[in-house]
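Working notes, beginning with the structure itself.
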Amino acid sequence: MMSPSILLIHTGGTLGMAPLGEPSSLAPGPSLDLILEQVPELRQLADLKLVVAFNQDSSTNEPADILHLARLIRSESADCDGVVLVHGTDTMAFTASMLGFLLADLGKPVVLTGSQRPLAYIRSDARSNLVDAVTLATKGVAEVGICFGDHWYRGVATDKLSVHRYEAFDTPNLPPLAELGLHVHVHPHAGKFDYHVPAGLGQAFETALAVYCPYPGMPWALPPAGTRGMILQAYGAGNLPMGRADLRALFRHGREQALPMVITSQCLWGSVDLETYELGALASEEGAISGGLHTRWAAIAKLGLVLGAGGGLAEVRAAFACSWAGEPV
Ligand code: ASP
């Protein structure tokens, strides 16, 4: 029987890092070939086609890098059964959200993975994450997701929750797509979502976004000139101190400039609901758009993609009212 063919793309991150200097800090290390020399068993799972997209700490990734990755995956994966993307954990949830939207129609698995400790270290999670990711990529389940620890998670619903645990990710508002223990158990909802991604996304990403993470007493400054959209990471179900004159001035500014103002929650579990409290209802009257169950990363990805494609307030409002690619809304 023919081996499945998997496109393995390297983008950097801890998995391939090496200690640099004294005292040693981790920095991008060897090429993908050298990484694979340390895990030769991957070639027993699949025929691997290797591509190095870039090799950097994911904290330095720009949205343009992710748009490039989406194009690369489309062009290079045509003759492959699945894709594995080695990526740093720090911004993996943002990349997974972007790719989840941009590649939702790819029709094959795209599995992002990385590790908390470099592959070169003895007690590392890198080897098992790589083996699990390649295994999942051969399973024919059309999802863009993060394989990490013992789970596979839908990318557009993920967040990084831990700096040090080997179970570093979760999808707080969606069960995992698969569990990887003694057996690989892919859940029935994996690969099943309605596709509503608008046409024309992915040429550009609007980075001129103002993101507010309030704390009690925070002064509400107007966003810098040139800002195209705002995300307000509200308390709980979407509450903000609506009695504050500076916050009302911010909303007024947003309305006058026709800036989309999306409300997400500082809480990971549960939904923004602007009808629950008077304060949320007041924000809604001021023109705020509910981010519902969108994670912070899915919200930023959606907003930047819609604005980058030339959309405005109406298109952003419509985007947040609908699930594009299986993200909880
Ligand atoms: N700083 C690293 C990165 O995101 C962290 C990791 O990969 O775990 O590239």
- Note on the structure: Quick count over the range 12-61, residues being free of Cβ contacts under 8 Å to residues at least 24 places away in the same chain and of a type in the set (Asp, Glu), is 3
- Which residues, counting only those in the range 119-134, are surrounded by 23 or more Cβ atoms within 10 Å (Cβ to Cβ), in contact with a helix residue (DSSP H, G or I) (Cβ under 8 Å, 6 or more places away or on another chain) and part of a helix (DSSP H, G or I)? Ala126, Asn129, Leu130, Val134
- Query: Any residue in the range 100-110 that is in a loop (DSSP other than H, G, I, E, B), within 11 Å of the ligand (Cβ to nearest atom) and either of a type in the set (S, T, N, Q) or crowded, with 19+ Cβ neighbours inside 10 Å (or both)?
  - Reply: no
- Item | Residue among Ala199, Ala258, Ala210, Ala237 that is closer than 22 Å to His294 by Cβ and free of Cβ contacts under 8 Å to residues at least 12 places away in the same chain | Ala199
- Message: For a quick check of your reading: which strands (runs of 3 or more DSSP E) sit entirely within the range 135-236 and have at least 3 residues that are surrounded by fewer than 22 Cβ atoms within 10 Å (Cβ to Cβ)?
- Response: 184-186, 209-212
- Message: Take Ala78 and tell me if it is under 23 Å from Thr138 (Cα atoms), of a type in the set (A, V, I, L, M, F, W, C) and surrounded by fewer than 18 Cβ atoms within 10 Å (Cβ to Cβ).
- Response: yes
- Message: Quick check on the range 30-45. Is at least one of its residues of a type outside the set (S, T, N, Q), under 19 Å from Gly308 (Cβ atoms), buried (at least 19 other Cβ atoms within 10 Å of the Cβ) and in contact with a helix residue (DSSP H, G or I) (Cβ under 6 Å, 6 or more places away or on another chain)?
- Response: no
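Yes/no matrix, rows are residues, columns are (1) assigned to a loop (DSSP other than H, G, I, E, B); (2) touching an Asp or Glu at 6+ places or on another chain (Cβ under 7 Å); (3) not small (Gly, Ala, Ser):
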{"position": "Phe251", "(1), (2), (3)": "no, yes, yes"}
{"position": "Val272", "(1), (2), (3)": "yes, no, yes"}
{"position": "Gly310", "(1), (2), (3)": "yes, no, no"}
{"position": "Gly326", "(1), (2), (3)": "yes, no, no"}
- Query: Arg154: modelled with pLDDT of 95 or more, charged (D, E, K, R) and within 18 Å of the chain's Cα centre (by Cα), yes or no?
  - Reply: yes
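The values are calculated or read from the model by the stated rules, or taken from the named source; none is laboratory data. Predicted model only: the values in this text are computed from it and were never measured. Glycine gets a Cβ as well: all are built from the backbone with ideal geometry, and neighbour counts include every protein chain shown.
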